[in-house]
Amino acid sequence: MASSARPSPIRCWERTSCNHTNCEAYGSENSICWLTEQNMCFEDPQDLLNRMQSRCLTCDVFKGNRDRASGKRLADTAMLATLDRLLAEVGDLVCRVESLKAESRSRMAQVTLLSEVGRALQSTMELDETLRIILTAVTAGDGLGFNRAFLLLVDEQSHELKGRMGVGPTHAAEAEAIWKAMETEGLTLREILRRRKTVTSNGIMKLARELRFPIDAEDNIVAASLIEGKSRIVENFDDVRVRILAERLGSQQIIVVPLVAEDERLGAIVADNFVTNRPITTDDMRLLESFASQAALAIMNASLHQRLRDRLHQLEKAHDELSRKQLQLLRAERLMALAGLAATFVHDVKGPLVSVGLMARAALSGIKKSDPSRATLERIIEEIGRIERYLKELAGSVTHRRDDYIEVDLGEVIRESVDLMKGALSVQHVGVVFDLRHGDARVVGSRTELRQLILSLIQNSLEAMPDGGEITISTSLEDGRMRLVIRDTGSGVPEPVRDKIFSLFFTTKSKGSGLGLFIAKRIVIQHGGTIGIESCEGKGSAFVVSLPIGGMNQLRQAKGE
């Protein structure tokens, strides 16, 4: 405090022991510190009003100057009172302006953060990379700044919340090492987010994978937060729903924020400050909620992309399998066609050959042993016998084998065949209607050949409906036999053609081989059945197949036992 014996008036900087010697008002008799441009005495704008009231309004210098400016008139007193009030209002206004500036800077920082994270999330459609970016933003110093963060996603199959990923240290020493490494590198948030690997540990990933909770609001706080769509700052560990999470994380305060996008509950973000113990505030929660909305959309998009990619992979595998089976069926068709040709050849050649042999033997019986032509006839008969043996072997090689006959559920074979043709049916806009009324009855035969039979009939119906249509597949029991009908809404078969449609090499198509229906009829006959066609031009056709119902006796008979 200044002494009254001093000749010069006490200045404000002397009263407050001001140490701002670089202020332009310091030591000057012509400058006033509160009027300088820098306002160095008021370091904290938030406390400006209190400083002005506690210092300026009680300052002897300020009072002296104000008293000298006042007179005895009422107007002078009113003017000074007005100045005092204006001074207080200006101080309050300055405080509010500075507060708004600080809030604006905070909001700008949040917008920048969300913008940087959004830009990083748009750079990938990989689910794991999306999760890494999200958790990095939650834990980065330039981001939300939590010590640790965990991401739990909903598993629909197990009806659980499962920990998918974690970022951060597992203990204080590890935290210090990680943070020092980050500080040494001096990376910006954008650079950190663009990195393909986050500075974390295997321990935190192991801890994350151990976080598994039923989706039951009464069981755990994470599920409750997700179901209710409400964020929580967890501090009351006496609550049984909180205790399990608190024990696993070893934290004194935890924040849980649900991840919801387009009314779909995806999971939750769980974070804490277990190293620094910095209190989690409502401002932290609001910022994390804003970020979680953006993160949830990114997770949903990445999940959809991954499911589409998995589905595409499944379709590719199914296509490869279908191509393999179609190749097998094509080979089987060719073999059966060859068998048909061989059987036809044996049948057509064997008759004349037998006749030639009989005539040669008859001629030989009328020739004396001394006749020179006898040796020639004997050679002819020998060669005919050799040809007959070859024909017998050829016929045996093409004879249908029945050792693979079993009891077959024709309904299963029908659905399997339609599934194989699903791609072609979809491309040609042909629908399939099932009307299977055969109950538990089964037929005896080869599952592979019966599937080939149905595929051939469906393929024939498809070719009759180039502009789309409908195929109806029905089964029923009639007179102890299985009746299979495959009906289409195609163009129909002209009456003159119907009798030839099952003939070998007969076709009305420019690219047809004439083998499909021939082989189909051969399969039906080999299974002890019959096949026919009902058709009306312009309205469609129906293939009608009748097969014997299976049983152990029929099975043994089919196998020749």
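Tabulated values for the structure
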{"quantity": "Of all residues making up the range 126-163, the number that are of a type in the set (K, R) and farther than 18 Å from S293 by Cα", "calculated": "2"}
{"quantity": "Among (1) surrounded by 12 or more Cβ atoms within 10 Å (Cβ to Cβ); (2) out of contact with any helix residue (DSSP H, G or I) (no Cβ under 9 Å at 6 or more places or on another chain); (3) small (G, A, S), the one test that S323 misses", "calculated": "(1)"}
{"quantity": "Residue that is surrounded by fewer than 17 Cβ atoms within 10 Å (Cβ to Cβ) and either on the phi < 0 side of the Ramachandran plot or of a type outside the set (G, A, S) (or both), where the choices are S491, S476, S456", "calculated": "S476"}
{"quantity": "Matching option when the condition is touching a Phe, Trp or Tyr at 6+ places or on another chain (Cβ under 7 Å), at pLDDT 80 or above and not hydrophobic (A, V, I, L, M, F, W, C), among G431, G445, G439, G411", "calculated": "G445"}
{"quantity": "For K230: the one exception among (1) more than 17 Å from E289 (Cα to Cα); (2) surrounded by fewer than 14 Cβ atoms within 10 Å (Cβ to Cβ); (3) modelled with pLDDT of 85 or more", "calculated": "(1)"}
{"quantity": "Neighbours by Cβ (under 8 Å, 6+ apart or cross-chain): first from the range 331-356, under 19 Å from I523 (Cα atoms) and part of a helix (DSSP H, G or I); second among the polar types (S, T, N, Q) and modelled with pLDDT of 70 or more", "calculated": "A332/T448; A332/Q452; E333/Q452"}
{"quantity": "Scope the range 133-164; condition under 22 Å from R265 (Cβ atoms) and of a type in the set (D, E, K, R); matching residues", "calculated": "D155, E156, E160, K162, R164"}
{"quantity": "Scan of the range 507-534 for residues that are among the small types (G, A, S) and modelled with pLDDT under 85, ordered by number", "calculated": "S510, G512, S513, G514, G516, A520"}
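The values are calculated or read from the model by the stated rules, or taken from the named source; none is laboratory data. This is a predicted model, so every value here is computed, not measured. Cβ atoms come from the backbone with ideal geometry, glycine included; neighbour counts cover every protein chain shown.
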